[in-house]
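Notes for the one structure printed next.
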Amino acid sequence: MNRYFTVSNLLSASRIFLVIPMGYCLVLDFPYHRLWTAGIIVIAVATDFLDGFLARKLHQVTDLGKIIDPLADKIGIGIFAVLMAWTGDVPIWFVVFVLLRDLLIFSGGLYIQRKKKIVPQSNWPGKIAVALVALVFFLATIQVNALGKLFTYTLWTSIVMMLLSLVSYAQRLFIGRNVEVMK
């Protein structure tokens, strides 16, 4: 097995490149541009779930995968969050929260990697938080008034999950528990 070019790692990397058509479809005004954007969001979320599943199923969990999977999430979510704030689809405070949380987690992961010589993996609260943030972006993208309450509920639930995941990552950083949780 090649340690770098696994199906899982390629799927993770593809999420970074999906930001380009996602952003293009969001900011340019052409027929059904919001539906195209929503479709690309669905593809990105599917690759996020599929890459971890395949890595475990095919026994291809790699240190590169442990890095590229959360990095792809952070790059994709970060860039798209800024675009969503720029278009006025999500509140700026939400985007700042998402970006600060990801910066703290990324910095903590680098610290763990350097100090303890291990590559920390994503955890379930973090995966759920990313899925909820993606759902917030999806709902904001499709702009269906009837789903306004669902959007608000999902936004606040994503905040709670981001806080829980941040606490979980902080425990791993400062207490050293459960460093290798999941891919």
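If you average the sequence gap of Cα pairs under 8 Å that are 6 or more apart and divide by the length of region 71-183, what percent do you get for the contact order?
32
For helix 148-174, report the angle its Cα long axis makes with the longest principal axis of the Cα atoms of the chain; keep it between 0 and 90° and round to the nearest 10°.
Approximately 20 degrees, to the nearest 10.
Calculate the spin-label point distance for residue 164 paired with residue 146, positioning each point 7 Å from the Cα along the beta-carbon direction, and give it in nanometres.
2.9
For helix 63-86, what angle does its Cα long axis make with the longest principal axis of the chain, in degrees from 0 to 90 and rounded to 10?
Result, in degrees: 20.
Post the alpha-carbon centroid distance, region 121-158 to region 81-109, in whole angstrom.
Value for the Cα centre distance between the two parts: 13 Å.
Note the angle between two axes, namely the Cα long axis of helix 33-57 and the longest principal axis of the Cα atoms of the chain, as a number of degrees from 0 to 90, rounded to the nearest 10.
Taking the Cα atoms of the chain, the angle to 33-57 is about 20 degrees.
At a 10 angstrom cut-off on C-beta neighbours, averaged per residue, how do the peptides 104-117, 53-66 rank from highest to lowest?
Per-residue mean Cβ counts within 10 Å order the peptides as 53-66, 104-117.
List nothing, just return the count: lysine pairs in the chain, 8 or more apart or interchain, with Cα separation under 24 Å.
For the chain, the number of qualifying lysine pairs is 21.
Assigning unit charges at the beta carbon (Lys, Arg +1; Asp, Glu -1) and nothing else, what dipole magnitude in debye, to the nearest 20, does region 7-174 show about its Cα centre?
The dipole magnitude comes to about 640 debye.
Values quoted throughout were computed directly from the atomic coordinates according to the rules given, and no laboratory measurement underlies them. Remember, predicted model here, so these are calculated numbers, not experimental data. Cβ atoms come from the backbone with ideal geometry, glycine included; neighbour counts cover every protein chain shown.
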